[in-house]
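Every read-out reported here was derived from the displayed coordinates using simple, explicitly stated rules and does not represent laboratory data. Values in this document were obtained by computation on a predicted structure and should not be read as measured data. Glycine also receives a Cβ, built like all others from the backbone with ideal geometry; neighbour counts cover every protein chain displayed.
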Ligand SMILES: Cc1cc2nc3c(=O)[nH]c(=O)nc-3n(C[C@H](O)[C@H](O)[C@H](O)COP(=O)(O)OP(=O)(O)OC[C@H]3O[C@@H](n4cnc5c(N)ncnc54)[C@H](O)[C@@H]3O)c2cc1C
């Protein structure tokens with residue numbers, strides 16, 4: 001394909017990463033989103049935003065996207081101002097099993113006995129994996145897009161066919177907004193409550209995957225620690241629940257005995273909506289508008305929007321090359 005005049009809908013992690021990759025490939029890129037320049041969508045902003053591989057039966061592409069994203073994020077961790085750092089990540093387990101990435105990822109190991117409390121049988125340990133501070137990373141991505149010649153406009157579209165004819169390719173990175181734009185009822189919100197607490201020197205990521213403090217999670221960033229989580233399915237209101245906050249703090253304290261997460265440590269509490277879909281919709285060339293223009297879909301990333309962002313952007317750039 002020749003160089004295209006691309007319109008990207010959405011400026012979360014999916015839209016911004018795709019925009020930057022396409023600008024680097026020489027395309028013209030404009031982004032339309034509901035937020036103005038300098039503001040970022042709630043879902044991408046409130047994420048833990050760590051690189052922890054997941055298994056998605058039925059979508060082999062996730063593995064490739066995950067691998068490719070690691071390479072990009074690891075590079076960014078050496079660059080000042082990106083908000084990406086490499087941290088040790090513990091995924092605590094009730095059973096000893098080999099994750100798919102055990103033989104592939106050099107930094108993988110199982111936990112040593114002295115690293116576990118009696119609550120857990122094992123942990124999948126990533127010695128050094130990317131953890132992204134969205135509060136720093138999203139503005140950094142936006143600045144990169146602007147510096148590379150990308151344009152932003154605060155504008156929402158009602159339907160894909162409303163996108164002006166000057167744009168030769170439309171890329172739908174609208175997160176949950178894609179439900180209406182693509183008439184996709186497979187896309188649903190998963191509501192999550194997370195809590196931001198003061199930093200206290202703790203510098204590992206710890207997650208209880210399936211154990212007694214299930215879905216407790218501690219994610220340290222430079223200026224704060226995000227702890228979670230409470231998932232309660234398909235709800236759309238974002239009002240926080242104080243009892244849930246207490247429960248989150250308690251599960252984190254139990255998961256890591258001695259971890260300081262008391263009510264006086266709380267800086268803020270948020271609910272956010274993860275865009276859940278079986279499977280992530282990355283579709284190239286499948287839908288064309290009535291006038292023949294291409295639409296690329298890039299949405300429905302569940303808890304993997306950061307984990308897969310660069311791999312997906314590279315796939316889209318490859319398709320438009
Ligand atoms: C608590 C929490 C923890 C998470 N932790 C992780 C993690 O550790 N690792 C990970 O990889 N992922 C994680 N995720 C998931 C990740 O945050 C999402 O997958 C990702 O942010 C989705 O990004 P997005 O750009 O696709 O959508 P969004 O960030 O929702 O952005 C959507 C964009 O589309 C725009 N838009 C919507 N409708 C329209 C329209 N009609 N016209 C124009 N623009 C429109 C919006 O304005 C917005 O800019 C987490 C999520 C949550 C909530």
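Directionally averaged projected area (region 196-298, Cα convex hull): 9.6 nm². Round to the nearest 0.05 the FRET efficiency obtained for residue 279 and residue 200 when R0 = 35 Å and r is the Cβ-Cβ distance. That gives a FRET efficiency of 0.35.
Neighbour counting of Cβ atoms within 10 Å sorts the residues 306, 224, 96, 120, fewest neighbours leading, into 96, 224, 120, 306.
Once the chain from residue 106 to residue 267 is taken as fully extended at 0.36 nm per residue, the excess over their C-alpha distance is 54.4 nm. Treating the Cα atoms of region 52-179 as identical point scatterers in vacuum, please give the log10 of the normalised Debye intensity I(q)/I(0) at q = 0.16, 0.21 Å⁻¹, two decimals. Summing over Cα pairs of region 52-179 leads to -1.01, -1.27. Relative to the longest principal axis of the chain, what angle (0 to 90°, nearest 10) does the C-alpha long axis of helix 242-255 take? Helix 242-255 sits roughly 60 degrees off the main axis of the chain.
Largest GNM mean-square fluctuation among 74, 114, 276, using the chain with Cα springs under 10 Å: 114.
Of the beta bridges DSSP finds with both residues in the chain, what % are antiparallel, to the nearest 5?
So the antiparallel bridges in the chain amount to around 65 percent.
Multiplying the residue separation of residue 289 and residue 190 by 0.36 nm and removing their Cα-Cα distance gives an extension gain of 32.6 nm.
Given contacts defined as C-alpha pairs under 8 Å and at least six residues apart, what's the relative contact order of region 5-320, whole-number percent?
Relative contact order comes out at 25 percent.
Relative to the dominant Cα principal axis of the chain, helix 61-76 is inclined by about 80°. Label point 7 Å out from residue 127 along Cα-to-Cβ: which residues of region 80-99 have amide N under 15 Å? Label zone hits: 86-90. With the Kirkwood sum run over all distinct C-alpha pairs, the chain has a hydrodynamic radius of 20.3 Å. The residues 254, 3, 294, when put in order of fewest to most other Cβ atoms within 10 Å, stand as 3, 254, 294. At full extension, residue 96 and residue 231 could sit 46.1 nm farther apart than now, given 0.36 nm per residue minus the alpha carbon distance. Springs between alpha-carbon atoms under 10 Å, Gaussian network over the chain: tell me which of 210, 291, 59 tops the mean-square fluctuations. Checking each option, the largest mean-square fluctuation is seen for 291. The sum of -39500 (n - 2.57) across all DSSP H runs of n ≥ 4, divided by the residue count of the chain, sets its helix-only mean residue ellipticity at 222 nm to -7500 deg cm²/dmol. Helix 13-24 and the longest principal axis of the C-alpha atoms of the chain enclose an angle of approximately 50°. Among 55, 66, 18, the residue with the largest mean-square fluctuation in a Gaussian network model of the chain, with springs joining Cα atoms closer than 10 Å, is 55.
Semi-axes of the equivalent ellipsoid for region 163-217, computed as √(5λ) from the eigenvalues of its C-alpha gyration tensor and ordered from largest down, come to 38, 17, 10 Å.
One Cα centroid belongs to region 138-185, the other to region 248-321; the line between them spans 16 Å.
With the cut-off at under 13 Å, measuring from each backbone N in region 169-187 to a point 7 Å along the Cα-to-Cβ line of residue 5 picks out 169-170.
Measuring r between the beta carbons of residue 319 and residue 79 and using R0 = 25 Å, the FRET efficiency lands at 0.40.
Expressed as a fraction of 2.2 N^0.38 Å, the C-alpha radius of gyration for region 1-111 is 1.30.
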